[in-house]
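Participant: Can you keep this structure in mind? I'll have questions shortly.
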């Protein structure tokens with residue numbers, strides 16, 4: 001899914017190429033977007049379904065638009081869908097994401113002291129049956145102000161609703177590590193050791209302060225947080 005100007009078409013094209021190299025068999029690669037210019041012809045571009053958000057001036061829309069993937073009739077698409085954020089880097093086989101048992105699977109959000117007991121998932125990578133969770137989107141549309149007041153973001157809302165329905169499950173922890181939390185050497189070794197891909201990783205998740213080109217350049221978006229260039233990114237994040 002791509003909207004706005006933060007990510008260019010190269011993110012879509014590189015994501016498609018990484019999936020093609022790491023997923024066996026035939027698949028349909030779909031990008032829900034407001035601008036298909038520059039996107040590879042191998043990618044099916046479709047409009048983002050309508051979701052009108054009530055945002056204060058300057059307020060980011062976060063990831064709420066991701067929930068439009070749960071439309072009951074999503075342009076006639078059928079089957080099992082694996083959602084991948086545009087800024088992830090695929091570093092291993094994706095086949096197991098379609099084989100893991102569960103009705104709805106998502107990353108268990110990375111443990112921080114204030115999150116230790118929470119159920120919230122990280123929606124950078126999730127799997128679902130198309131059309132199976134239309135109630136999640138329908139309730140949001142009918143109760144937009146209430147939902148946005150109660151939940152910090154779309155993944156908190158999504159996780160809570162599916163947990164209450166007994167449908168929430170998580171990927172094995174090693175499959176989708178965080179670059180920020182798991183791929184940067186601890187201080188002070190970060191000054192002489194490069195960022196790395198943790199063992200067992202299949203998808204490296206970039207969230208918060210650093211995207212793949214930043215990591216490749218050795219650049220973080222917060223002061224006093226040093227990293228060396230992550231040369232491994234060039235090996236995977238390419239067409």
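The values are calculated or read from the model by the stated rules, or taken from the named source; none is laboratory data. Model, not experiment: these values are computed from the prediction. Cβ coordinates were reconstructed from backbone atoms using ideal geometry, including for glycine residues, and neighbour counts include every protein chain displayed.
Participant: Name the single residue that is surrounded by the fewest Cβ atoms within 10 Å (Cβ to Cβ) among those in the stretch 126-170 being in a helix (DSSP H, G or I) and under 16 Å from the mean Cα position of the chain (by Cα).
Facilitator: Only one residue fits best here, namely 156.
Participant: Follow-up question, since we're still on this one. What is the number of the single condition among (1) over 20 Å from the mean Cα position of the chain (by Cα); (2) under 24 Å from residue 6 (Cβ atoms) that residue 186 does not meet?
Facilitator: Evaluating residue 186 over (1) over 20 Å from the mean Cα position of the chain (by Cα); (2) under 24 Å from residue 6 (Cβ atoms) leaves (2) as the failure.
Participant: Return yes or no: is residue 61 surrounded by fewer than 20 Cβ atoms within 10 Å (Cβ to Cβ), within 26 Å of residue 181 (Cβ to Cβ), at pLDDT below 95 and more than 14 Å from the chain's Cα centre (by Cα)?
Facilitator: When the stated conditions are applied, residue 61 passes them.
Participant: On to the next question. Given the conditions (1) surrounded by fewer than 20 Cβ atoms within 10 Å (Cβ to Cβ); (2) modelled with pLDDT of 95 or more; (3) closer than 22 Å to residue 77 by Cβ, report the number of the one that residue 101 does not fulfil.
Facilitator: Condition not satisfied by residue 101: (3).
Participant: Would you please list the contacts, defined by Cβ atoms under 7 Å and residues six or more apart or on different chains, that run from a residue in the stretch 127-139 that is closer than 12 Å to residue 78 by Cβ to a residue that is surrounded by fewer than 18 Cβ atoms within 10 Å (Cβ to Cβ)?
Facilitator: The qualifying pairs are 129/80; 130/77; 130/78; 130/79; 131/72; 131/73.
Participant: Within the stretch 26-58, restricting attention to residues that are free of Cβ contacts under 8 Å to residues at least 24 places away in the same chain and more than 28 Å from residue 140 (Cα to Cα), which residue is surrounded by the most Cβ atoms within 10 Å (Cβ to Cβ)?
Facilitator: If we take residues in the stretch 26-58 being free of Cβ contacts under 8 Å to residues at least 24 places away in the same chain and more than 28 Å from residue 140 (Cα to Cα), then 27 is surrounded by the most Cβ atoms within 10 Å (Cβ to Cβ).
Participant: Exactly one condition in (1) at pLDDT 95 or above; (2) surrounded by 12 or more Cβ atoms within 10 Å (Cβ to Cβ); (3) touching a strand residue (DSSP E or B) at 6+ places or on another chain (Cβ under 9 Å) is false for residue 20; which is it?
Facilitator: Only one criterion in (1) at pLDDT 95 or above; (2) surrounded by 12 or more Cβ atoms within 10 Å (Cβ to Cβ); (3) touching a strand residue (DSSP E or B) at 6+ places or on another chain (Cβ under 9 Å) is unmet by residue 20, namely (3).
Participant: Among the residues of the stretch 155-189, what is the count of those that are closer than 20 Å to residue 227 by Cβ and out of contact with any strand residue (DSSP E or B) (no Cβ under 6 Å at 6 or more places or on another chain)?
Facilitator: Matching residues across the stretch 155-189 total 11.
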